[in-house]
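Visitor: Sharing a structure, written as C-alpha coordinates. Questions coming.
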Amino acid sequence: MDASSAGSVLFDRIGQLYTADPEREELTGAALIIEGDRVAWLGRSADAPAADERVDVEGRAVLPGFVDSHAHLVFAGDRSAEFAARMAGEPYSAGGIRVTVEATRAASDACLAERTARLVAEMTAQGTTTVEIKSGYGLTVEDERRSLEIARAFTEETTFLGAHVVPPEISAGNAGSSASAKDAGDADEYVALVTGPMLAACAPYARWIDVFCERGAFDGDQARAVLSAGIRAGLGARVHAGQLGEGPGVRIACELGAASADHCTHLSDADVAALADSGVVATLLPGAEFATRSPYPDARRLLDAGVTVALATDCNPGSSYTSSMPFCVALAVREMRMTPLEAVRAATRGGAAALRRDDVGTLRPGARADLVVLDAPSYVHLAYRPGVPLVAQVWRAGSRVA
(Lines give C-alpha, C1' and ligand atoms only; values in the text may rest on other atoms or scores of the structure.)
Protein backbone atom coordinates (compact mmCIF):
# COMPACT_ATOMS: atom_id res chain seq x y z
CA MET A 1 0.00 0.00 0.00
CA ASP A 2 1.35 3.43 -0.94
CA ALA A 3 0.50 5.84 1.86
CA SER A 4 0.76 8.84 -0.44
CA SER A 5 -2.20 7.55 -2.46
CA ALA A 6 -4.06 5.87 0.42
CA GLY A 7 -4.23 8.92 2.66
CA SER A 8 -4.65 7.94 6.31
CA VAL A 9 -4.28 4.33 7.43
CA LEU A 10 -5.68 2.94 10.70
CA PHE A 11 -3.92 0.01 12.35
CA ASP A 12 -6.66 -1.42 14.54
CA ARG A 13 -7.01 -4.16 17.16
CA ILE A 14 -3.36 -4.03 18.16
CA GLY A 15 -2.74 -6.47 21.01
CA GLN A 16 0.35 -4.75 22.38
CA LEU A 17 1.61 -1.43 21.02
CA TYR A 18 5.18 -0.69 22.03
CA THR A 19 5.86 2.96 21.20
CA ALA A 20 9.37 3.46 22.67
CA ASP A 21 8.02 6.87 23.73
CA PRO A 22 8.89 7.50 27.41
CA GLU A 23 5.59 9.35 27.86
CA ARG A 24 3.57 6.17 27.20
CA GLU A 25 5.81 3.30 26.29
CA GLU A 26 3.30 0.45 26.05
CA LEU A 27 -0.43 0.30 25.30
CA THR A 28 -2.80 -2.65 25.03
CA GLY A 29 -6.00 -2.84 23.01
CA ALA A 30 -4.58 -0.02 20.93
CA ALA A 31 -4.84 1.57 17.51
CA LEU A 32 -2.55 3.81 15.47
CA ILE A 33 -3.13 6.09 12.49
CA ILE A 34 -0.57 7.19 9.93
CA GLU A 35 -1.02 10.01 7.43
CA GLY A 36 1.46 10.23 4.60
CA ASP A 37 4.87 9.33 6.03
CA ARG A 38 4.09 10.30 9.65
CA VAL A 39 2.31 8.92 12.69
CA ALA A 40 -0.82 11.01 13.20
CA TRP A 41 -2.55 9.46 16.22
CA LEU A 42 -2.39 6.55 18.66
CA GLY A 43 -4.49 5.44 21.58
CA ARG A 44 -7.23 2.98 22.52
CA SER A 45 -8.99 1.21 19.66
CA ALA A 46 -12.34 2.35 21.01
CA ASP A 47 -11.27 5.98 20.64
CA ALA A 48 -9.77 5.78 17.15
CA PRO A 49 -10.99 8.40 14.67
CA ALA A 50 -11.95 7.45 11.14
CA ALA A 51 -9.29 6.85 8.48
CA ASP A 52 -9.24 6.21 4.76
CA GLU A 53 -7.97 2.65 5.09
CA ARG A 54 -7.98 0.07 7.90
CA VAL A 55 -5.46 -2.66 8.69
CA ASP A 56 -6.82 -5.23 11.15
CA VAL A 57 -3.81 -6.35 13.17
CA GLU A 58 -5.88 -9.13 14.81
CA GLY A 59 -4.28 -8.88 18.24
CA ARG A 60 -0.67 -8.87 17.07
CA ALA A 61 2.05 -6.70 18.55
CA VAL A 62 3.22 -3.50 16.83
CA LEU A 63 6.52 -1.74 17.54
CA PRO A 64 8.75 0.85 15.87
CA GLY A 65 11.00 -0.25 13.04
CA PHE A 66 14.41 -1.30 14.32
CA VAL A 67 17.24 1.22 14.06
CA ASP A 68 20.49 -0.59 13.25
CA SER A 69 23.13 2.01 14.05
CA HIS A 70 26.27 -0.03 13.24
CA ALA A 71 26.72 -2.03 10.03
CA HIS A 72 29.48 -2.64 7.46
CA LEU A 73 27.57 -3.56 4.30
CA VAL A 74 29.77 -2.41 1.41
CA PHE A 75 32.19 -5.28 0.84
CA ALA A 76 33.03 -8.23 -1.38
CA GLY A 77 34.34 -11.70 -0.69
CA ASP A 78 33.66 -14.41 1.85
CA ARG A 79 35.30 -15.26 5.20
CA SER A 80 33.43 -18.41 6.15
CA ALA A 81 36.72 -20.31 6.43
CA GLU A 82 37.86 -17.81 9.06
CA PHE A 83 34.62 -18.38 10.98
CA ALA A 84 35.07 -22.16 10.81
CA ALA A 85 38.63 -21.79 12.12
CA ARG A 86 37.41 -19.73 15.09
CA MET A 87 34.78 -22.33 15.86
CA ALA A 88 37.62 -24.88 15.88
CA GLY A 89 39.42 -22.87 18.53
CA GLU A 90 41.57 -20.27 16.78
CA PRO A 91 41.40 -16.82 18.48
CA TYR A 92 39.88 -13.79 16.78
CA SER A 93 42.02 -10.86 15.69
CA ALA A 94 41.30 -7.90 13.42
CA GLY A 95 43.70 -9.18 10.74
CA GLY A 96 40.93 -10.68 8.62
CA ILE A 97 39.78 -7.18 7.67
CA ARG A 98 42.63 -7.06 5.15
CA VAL A 99 41.22 -10.13 3.36
CA THR A 100 37.96 -8.25 2.78
CA VAL A 101 39.87 -5.13 1.70
CA GLU A 102 41.56 -7.08 -1.09
CA ALA A 103 38.27 -8.51 -2.35
CA THR A 104 36.45 -5.18 -2.09
CA ARG A 105 39.09 -3.28 -4.03
CA ALA A 106 38.86 -5.86 -6.83
CA ALA A 107 35.04 -5.72 -7.03
CA SER A 108 33.10 -3.51 -9.44
CA ASP A 109 30.72 -0.80 -8.27
CA ALA A 110 27.82 -2.90 -9.57
CA CYS A 111 28.96 -5.93 -7.56
CA LEU A 112 29.28 -3.91 -4.36
CA ALA A 113 25.91 -2.21 -4.88
CA GLU A 114 24.20 -5.55 -5.52
CA ARG A 115 25.64 -7.07 -2.32
CA THR A 116 24.65 -4.02 -0.30
CA ALA A 117 21.12 -4.10 -1.73
CA ARG A 118 20.77 -7.76 -0.82
CA LEU A 119 21.83 -7.16 2.77
CA VAL A 120 19.57 -4.12 3.16
CA ALA A 121 16.67 -6.23 1.84
CA GLU A 122 17.46 -8.92 4.43
CA MET A 123 17.44 -6.28 7.15
CA THR A 124 14.16 -4.80 5.97
CA ALA A 125 12.46 -8.19 5.97
CA GLN A 126 13.50 -8.59 9.61
CA GLY A 127 12.09 -5.25 10.70
CA THR A 128 14.97 -2.79 10.25
CA THR A 129 13.76 0.52 8.82
CA THR A 130 16.84 2.67 9.50
CA VAL A 131 20.40 1.45 8.98
CA GLU A 132 23.80 3.08 9.29
CA ILE A 133 26.39 1.90 6.74
CA LYS A 134 30.15 2.33 7.12
CA SER A 135 32.97 2.34 4.64
CA GLY A 136 36.25 0.80 5.76
CA TYR A 137 37.00 -2.01 3.31
CA GLY A 138 38.60 0.16 0.65
CA LEU A 139 41.37 2.02 2.53
CA THR A 140 42.40 4.06 -0.51
CA VAL A 141 41.04 7.49 -1.33
CA GLU A 142 39.05 6.26 -4.31
CA ASP A 143 37.84 2.99 -2.77
CA GLU A 144 36.62 4.70 0.39
CA ARG A 145 34.90 7.40 -1.65
CA ARG A 146 33.11 4.92 -3.90
CA SER A 147 32.09 2.79 -0.90
CA LEU A 148 30.37 5.78 0.67
CA GLU A 149 28.77 6.81 -2.61
CA ILE A 150 27.30 3.30 -2.90
CA ALA A 151 26.15 3.36 0.74
CA ARG A 152 24.48 6.75 0.25
CA ALA A 153 22.10 5.17 -2.27
CA PHE A 154 20.63 3.09 0.59
CA THR A 155 20.73 5.39 3.64
CA GLU A 156 21.49 8.92 4.75
CA GLU A 157 23.30 7.46 7.78
CA THR A 158 26.71 6.89 6.17
CA THR A 159 29.97 6.71 8.11
CA PHE A 160 33.52 7.26 6.87
CA LEU A 161 35.65 4.52 8.46
CA GLY A 162 38.89 5.00 6.56
CA ALA A 163 40.64 4.44 9.90
CA HIS A 164 39.63 0.78 10.10
CA VAL A 165 43.12 -0.76 9.89
CA VAL A 166 46.41 0.25 8.26
CA PRO A 167 46.32 -1.07 4.67
CA PRO A 168 48.91 -3.64 3.63
CA GLU A 169 50.67 -1.47 1.06
CA ILE A 170 51.71 1.05 3.74
CA SER A 171 52.98 -1.72 6.01
CA ALA A 172 54.93 -3.22 3.09
CA GLY A 173 56.45 0.14 2.27
CA ASN A 174 58.04 0.43 5.73
CA ALA A 175 59.30 -3.14 6.03
CA GLY A 176 62.86 -2.10 6.90
CA SER A 177 62.06 -0.59 10.31
CA SER A 178 62.03 -2.39 13.66
CA ALA A 179 58.67 -3.96 14.48
CA SER A 180 57.41 -1.49 17.11
CA ALA A 181 58.69 1.60 15.32
CA LYS A 182 57.36 0.33 12.02
CA ASP A 183 53.87 -0.28 13.39
CA ALA A 184 53.68 3.22 14.90
CA GLY A 185 55.09 4.81 11.76
CA ASP A 186 52.73 2.88 9.51
CA ALA A 187 49.68 4.04 11.47
CA ASP A 188 50.88 7.66 11.65
CA GLU A 189 51.55 7.71 7.90
CA TYR A 190 48.12 6.30 7.18
CA VAL A 191 46.38 8.68 9.62
CA ALA A 192 47.87 11.57 7.64
CA LEU A 193 46.23 10.17 4.51
CA VAL A 194 42.90 9.56 6.28
CA THR A 195 42.73 13.07 7.77
CA GLY A 196 43.90 14.74 4.55
CA PRO A 197 43.04 13.65 0.98
CA MET A 198 40.82 10.75 2.01
CA LEU A 199 38.64 12.84 4.31
CA ALA A 200 38.34 15.56 1.68
CA ALA A 201 37.12 13.02 -0.89
CA CYS A 202 34.77 11.18 1.48
CA ALA A 203 33.18 13.92 3.59
CA PRO A 204 30.63 14.91 0.91
CA TYR A 205 29.17 11.37 1.07
CA ALA A 206 29.26 10.90 4.86
CA ARG A 207 27.35 12.08 7.90
CA TRP A 208 29.73 10.48 10.42
CA ILE A 209 33.39 9.62 10.98
CA ASP A 210 34.54 6.54 12.89
CA VAL A 211 37.84 4.98 13.98
CA PHE A 212 38.82 1.51 15.21
CA CYS A 213 40.61 2.45 18.44
CA GLU A 214 42.10 -0.88 19.37
CA ARG A 215 45.38 -2.73 19.62
CA GLY A 216 46.40 -3.75 16.12
CA ALA A 217 44.57 -0.74 14.66
CA PHE A 218 44.87 2.85 16.02
CA ASP A 219 45.96 4.14 19.41
CA GLY A 220 44.38 6.94 21.41
CA ASP A 221 46.36 9.81 19.88
CA GLN A 222 45.73 8.56 16.36
CA ALA A 223 42.02 8.04 17.06
CA ARG A 224 41.73 11.55 18.50
CA ALA A 225 43.42 12.99 15.40
CA VAL A 226 41.07 11.15 13.03
CA LEU A 227 37.91 12.13 14.90
CA SER A 228 38.99 15.75 15.39
CA ALA A 229 39.66 16.12 11.67
CA GLY A 230 36.24 14.70 10.87
CA ILE A 231 34.53 17.02 13.33
CA ARG A 232 36.29 20.01 11.76
CA ALA A 233 34.97 18.81 8.39
CA GLY A 234 31.41 18.86 9.75
CA LEU A 235 30.99 15.15 10.49
CA GLY A 236 29.64 13.64 13.68
CA ALA A 237 31.87 11.24 15.61
CA ARG A 238 31.46 7.57 16.51
CA VAL A 239 34.12 5.21 17.88
CA HIS A 240 34.86 1.49 17.80
CA ALA A 241 35.95 1.12 21.43
CA GLY A 242 36.75 -1.64 23.88
CA GLN A 243 36.13 -4.65 21.66
CA LEU A 244 39.31 -6.65 22.25
CA GLY A 245 40.39 -5.11 25.55
CA GLU A 246 40.20 -1.98 27.67
CA GLY A 247 41.63 1.09 25.98
CA PRO A 248 41.22 4.83 25.51
CA GLY A 249 38.40 4.68 22.94
CA VAL A 250 35.47 5.25 25.28
CA ARG A 251 37.10 8.19 27.03
CA ILE A 252 38.03 9.79 23.71
CA ALA A 253 34.42 9.36 22.53
CA CYS A 254 33.21 11.15 25.67
CA GLU A 255 35.89 13.85 25.46
CA LEU A 256 34.97 14.72 21.86
CA GLY A 257 31.20 14.47 22.27
CA ALA A 258 30.77 11.44 20.00
CA ALA A 259 27.27 10.15 19.42
CA SER A 260 28.23 6.61 20.36
CA ALA A 261 30.97 4.29 21.54
CA ASP A 262 30.47 0.92 19.89
CA HIS A 263 31.27 -2.61 21.13
CA CYS A 264 32.04 -1.64 24.79
CA THR A 265 32.87 -5.26 25.57
CA HIS A 266 35.73 -4.38 27.92
CA LEU A 267 35.11 -1.34 30.13
CA SER A 268 36.74 0.07 33.22
CA ASP A 269 34.68 1.69 35.97
CA ALA A 270 35.96 5.04 34.69
CA ASP A 271 34.66 4.21 31.20
CA VAL A 272 31.19 3.43 32.54
CA ALA A 273 31.13 6.63 34.59
CA ALA A 274 32.27 8.68 31.59
CA LEU A 275 29.50 7.22 29.40
CA ALA A 276 26.88 7.98 32.04
CA ASP A 277 28.11 11.54 32.61
CA SER A 278 28.57 12.45 28.94
CA GLY A 279 25.41 10.97 27.45
CA VAL A 280 27.41 9.09 24.82
CA VAL A 281 25.40 6.03 23.76
CA ALA A 282 26.97 2.61 24.36
CA THR A 283 26.14 0.59 21.25
CA LEU A 284 26.41 -3.12 22.00
CA LEU A 285 26.98 -5.64 19.21
CA PRO A 286 26.26 -9.15 20.53
CA GLY A 287 26.51 -10.70 17.07
CA ALA A 288 30.25 -10.05 17.22
CA GLU A 289 30.64 -11.91 20.51
CA PHE A 290 28.51 -14.77 19.18
CA ALA A 291 30.67 -15.12 16.06
CA THR A 292 34.03 -14.74 17.82
CA ARG A 293 33.28 -16.69 21.00
CA SER A 294 34.26 -13.65 23.04
CA PRO A 295 32.76 -12.50 26.35
CA TYR A 296 29.53 -10.55 25.93
CA PRO A 297 29.26 -6.93 27.11
CA ASP A 298 27.66 -6.48 30.51
CA ALA A 299 24.61 -4.46 29.56
CA ARG A 300 23.23 -4.67 33.10
CA ARG A 301 26.26 -2.80 34.43
CA LEU A 302 25.73 -0.02 31.88
CA LEU A 303 21.97 0.25 32.38
CA ASP A 304 22.26 0.31 36.16
CA ALA A 305 24.76 3.19 35.82
CA GLY A 306 22.27 5.20 33.74
CA VAL A 307 24.00 4.77 30.38
CA THR A 308 21.86 4.88 27.23
CA VAL A 309 22.30 1.54 25.45
CA ALA A 310 21.72 0.71 21.79
CA LEU A 311 21.76 -2.66 20.06
CA ALA A 312 23.00 -3.12 16.50
CA THR A 313 24.01 -6.03 14.27
CA ASP A 314 27.58 -5.02 13.32
CA CYS A 315 26.76 -6.85 10.07
CA ASN A 316 30.11 -7.55 8.41
CA PRO A 317 31.73 -10.52 6.64
CA GLY A 318 34.26 -11.38 9.33
CA SER A 319 33.08 -11.02 12.91
CA SER A 320 29.28 -10.68 12.78
CA TYR A 321 27.70 -11.81 9.53
CA THR A 322 24.11 -11.37 10.66
CA SER A 323 21.53 -8.91 9.36
CA SER A 324 18.96 -9.78 12.03
CA MET A 325 18.05 -7.32 14.76
CA PRO A 326 15.61 -9.87 16.28
CA PHE A 327 18.56 -12.25 16.70
CA CYS A 328 20.53 -9.51 18.47
CA VAL A 329 17.57 -8.79 20.74
CA ALA A 330 17.41 -12.47 21.70
CA LEU A 331 21.17 -12.56 22.39
CA ALA A 332 20.95 -9.42 24.51
CA VAL A 333 18.25 -10.97 26.68
CA ARG A 334 19.90 -14.38 27.01
CA GLU A 335 23.56 -13.35 27.28
CA MET A 336 23.74 -9.69 28.37
CA ARG A 337 21.31 -9.54 31.30
CA MET A 338 18.79 -7.30 29.55
CA THR A 339 15.06 -7.69 29.99
CA PRO A 340 13.00 -8.08 26.80
CA LEU A 341 11.74 -4.52 27.29
CA GLU A 342 15.26 -3.13 27.66
CA ALA A 343 16.48 -5.01 24.59
CA VAL A 344 13.64 -3.83 22.36
CA ARG A 345 14.07 -0.29 23.67
CA ALA A 346 17.79 -0.48 22.80
CA ALA A 347 17.01 -1.78 19.30
CA THR A 348 14.61 1.10 18.59
CA ARG A 349 14.92 4.26 20.69
CA GLY A 350 18.50 3.43 21.67
CA GLY A 351 19.59 3.04 18.06
CA ALA A 352 17.93 6.33 17.19
CA ALA A 353 19.81 8.04 20.04
CA ALA A 354 23.07 6.60 18.70
CA LEU A 355 22.30 8.35 15.40
CA ARG A 356 21.02 11.47 17.16
CA ARG A 357 17.60 11.03 15.59
CA ASP A 358 14.26 11.73 17.24
CA ASP A 359 12.09 11.04 14.20
CA VAL A 360 12.73 7.26 14.07
CA GLY A 361 12.85 4.47 16.64
CA THR A 362 9.61 5.62 18.25
CA LEU A 363 5.89 5.70 17.50
CA ARG A 364 4.36 9.02 18.50
CA PRO A 365 2.51 11.74 16.59
CA GLY A 366 4.94 13.46 14.24
CA ALA A 367 7.47 10.61 14.10
CA ARG A 368 8.20 8.91 10.81
CA ALA A 369 5.72 6.10 10.20
CA ASP A 370 8.18 3.20 10.54
CA LEU A 371 6.57 0.21 12.20
CA VAL A 372 6.74 -3.55 12.49
CA VAL A 373 3.82 -5.93 12.96
CA LEU A 374 4.86 -9.15 14.71
CA ASP A 375 3.13 -12.46 14.22
CA ALA A 376 2.99 -12.66 18.02
CA PRO A 377 1.00 -10.99 20.79
CA SER A 378 4.02 -9.32 22.42
CA TYR A 379 7.56 -8.14 21.66
CA VAL A 380 8.68 -10.58 24.37
CA HIS A 381 8.36 -13.29 21.71
CA LEU A 382 11.42 -11.85 19.93
CA ALA A 383 13.51 -13.39 22.74
CA TYR A 384 11.04 -16.09 23.78
CA ARG A 385 11.03 -17.64 20.27
CA PRO A 386 14.58 -17.01 18.99
CA GLY A 387 15.26 -17.78 15.35
CA VAL A 388 11.56 -17.85 14.41
CA PRO A 389 10.56 -15.41 11.61
CA LEU A 390 8.02 -13.37 13.57
CA VAL A 391 8.05 -10.18 11.47
CA ALA A 392 4.72 -10.20 9.60
CA GLN A 393 4.70 -6.65 8.14
CA VAL A 394 7.20 -3.81 7.84
CA TRP A 395 6.18 -0.21 7.04
CA ARG A 396 8.70 2.54 6.33
CA ALA A 397 7.68 6.20 5.96
CA GLY A 398 4.04 5.18 5.67
CA SER A 399 4.45 2.54 2.95
CA ARG A 400 4.53 -1.20 3.38
CA VAL A 401 7.96 -2.51 2.37
CA ALA A 402 7.80 -6.13 3.60
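Visitor: Top to bottom by accessible area (1.4 Å), largest first, where do ARG24, ARG54, ARG60 land?
Guide: From most exposed to least exposed: ARG54, ARG24, ARG60.
Visitor: Once you place label points 7 Å from the Cα toward the Cβ at GLU102 and ILE170, how far apart are they in nm?
Guide: Label-label distance for GLU102 and ILE170, simple model: 2.0 nm.
Visitor: Could you state the principal axis extents of the C-alpha atoms in the stretch 3-47, from the largest down, to the nearest angstrom?
Guide: 30, 21, 14
Visitor: Sticking with this one: Can you give the direction-averaged projected area of the convex hull of the alpha-carbon atoms in the chain, in nm²? Don't jump to the answer; show the numbers that get you there.
Guide: Details: hull surface 75.7 nm².
Averaged projected hull area, Cα only: 18.9 nm².
Visitor: Jot down the radius of gyration and Dmax of the stretch 265-392, Cα atoms only, both in angstrom.
Guide: Rg then Dmax for the stretch 265-392, in Å: 14.5, 43.
Visitor: Further question on the same structure: ³J(HN,Hα) across the stretch 13-30 via Karplus (A = 6.51, B = -1.76, C = 1.60, θ = phi - 60°), whole Hz, x for Gly/Pro?
Guide: 6, 6, x, 10, 9, 9, 9, 6, 9, x, 5, 7, 6, 9, 9, 10, x, 10
Visitor: Here's another thing I want to ask about it. Using the Kirkwood radius built from alpha carbon pairs, what does the Stokes-Einstein equation give as D for the stretch 29-122 at 20 °C and 1.002 mPa s, in µm² per second?
Guide: Values: Rh = 18.0 Å.
Once the numbers are plugged in, D ends up at 119 µm²/s.
Visitor: Here's a follow-up. May I ask you to derive the FRET efficiency for ARG334 and ALA88 from their Cβ-Cβ distance with R0 = 25 Å, giving the value to the nearest 0.05?
Guide: My answer for the efficiency is 0.60.
Visitor: Let me ask you something else. So if I place +1 on the C-beta of Lys and Arg and -1 on the C-beta of Asp and Glu, and nothing else carries charge, what would the dipole magnitude of the chain be about its Cα centre? I want it in debye, nearest 20.
Guide: Magnitude of the dipole: close to 360 debye.
Visitor: Let me ask something else about it. Mind checking the full-extension length gain between ALA273 and GLU142? Use 0.36 nm per residue of separation minus the Cα-Cα distance, one decimal, nm.
Guide: 43.2 nm
Visitor: How large is ³J(HN,Hα), in whole Hz, for each residue of the stretch 370-377 in order, when computed from phi with the Karplus curve 6.51 cos²θ - 1.76 cosθ + 1.60 and θ = phi - 60°, using x for Gly and Pro?
Guide: In residue order, the calculated couplings are 10, 8, 10, 9, 8, 7, 6, x Hz.
Visitor: Ok, one more. At 1.306 mPa s and 10 °C, plugging the Kirkwood radius over alpha-carbon pairs of the stretch 178-266 into Stokes-Einstein gives what diffusion coefficient in µm²/s?
Guide: Taking Rh from Cα pairs, D becomes 121 µm²/s.
Visitor: Exactly which chymotrypsin sites (Phe, Trp or Tyr not before Pro) in the stretch 196-266 are in a DSSP loop and have at most 12 other Cβ atoms within 10 Å?
Guide: In loop regions of the stretch 196-266 (DSSP not H, G, I, E or B), there are no sparsely surrounded chymotrypsin sites (Phe, Trp or Tyr not before Pro).
Visitor: Have a look at the DSSP beta bridges in the chain and tell me what percent are antiparallel, nearest 5.
Guide: On the way: 26 of 56 bridges.
Roughly 45 percent of the DSSP beta bridges within the chain come out antiparallel.
Visitor: Where only protein heavy atoms count, and the probe is 1.4 Å, what is the accessible area per residue for the stretch 1-108 in Å²? Mind dumping the intermediate values first?
Guide: Working: 4670 Å² over 108 residues.
Per-residue accessible area for the stretch 1-108 comes out at 43 Å².
Visitor: Further question on the same structure: Could you give the alpha-carbon Rg of the stretch 192-327 over 2.2 N^0.38 Å, rounded to two decimals?
Guide: 1.03
Visitor: As a check on your grasp of the helix formula, calculate [θ] at 222 nm for the chain: sum -39500 (n - 2.57) over DSSP H runs of n ≥ 4, divide by the residue count, round to the nearest 500.
Guide: That comes out to -10000 deg cm²/dmol.
Visitor: Moving on to the next point. Between ARG293 and SER80, what length comes free when the chain is fully extended (0.36 nm per residue of separation minus the Cα-Cα distance, one decimal in nm)? If you can, show how the numbers build up before the last one.
Guide: Working: separation 213, 0.36 × 213 = 76.68 nm, distance 1.50 nm.
Full extension from ARG293 to SER80 adds 75.2 nm.
Visitor: What percent does the relative contact order of the chain come to when contacts are Cα pairs within less than 8 Å and at least six residues apart?
Guide: Averaging sequence separation for qualifying contacts and normalising by length gives 20 percent for the chain.
Visitor: Using a 1.4 Å probe over the heavy atoms of the protein chains, calculate the carbon and sulfur portion of the accessible area of the stretch 26-79 as a whole percent.
Guide: Reported share for carbon and sulfur atoms: 40 percent.
Visitor: One-quarter of the Cα convex hull surface for the stretch 318-387, in nm²? Write down the numbers at each step before the final one.
Guide: Values: hull surface 22.5 nm².
Mean projected area for the stretch 318-387: 5.6 nm², to one decimal.
Visitor: Using mean Cβ contacts within 10 Å as the protection proxy, how do 236-246, 263-273 order, highest first? Please report the intermediate quantities before stating the final value.
Guide: Values: 236-246: 23.9, 263-273: 19.8.
Listed from highest to lowest mean packing, they are 236-246, 263-273.
Visitor: Counting only heavy atoms of protein chains, what accessible area per residue, in Å², does the stretch 320-402 have with a probe of 1.4 Å?
Guide: Per residue, the stretch 320-402 has 37 Å² of solvent-accessible surface.
Visitor: As I understand it, the dipole of the stretch 53-113 uses +1 on the Cβ of Lys and Arg and -1 on the Cβ of Asp and Glu, about the Cα centre. Which of PRO91, SER108, HIS72 lies farthest toward its positive end?
Guide: PRO91
The values are calculated or read from the model by the stated rules, or taken from the named source; none is laboratory data. Remember, predicted model here, so these are calculated numbers, not experimental data. Here Cβ is always computed from backbone atoms with ideal geometry, including for glycine, and neighbour counts include all displayed protein chains. Calculation scope for accessible area: heavy atoms of the full protein, side chains included, ligands and nucleic acids excluded. Shrake-Rupley method; radii C 1.70, N 1.55, O 1.52, S 1.80 Å.
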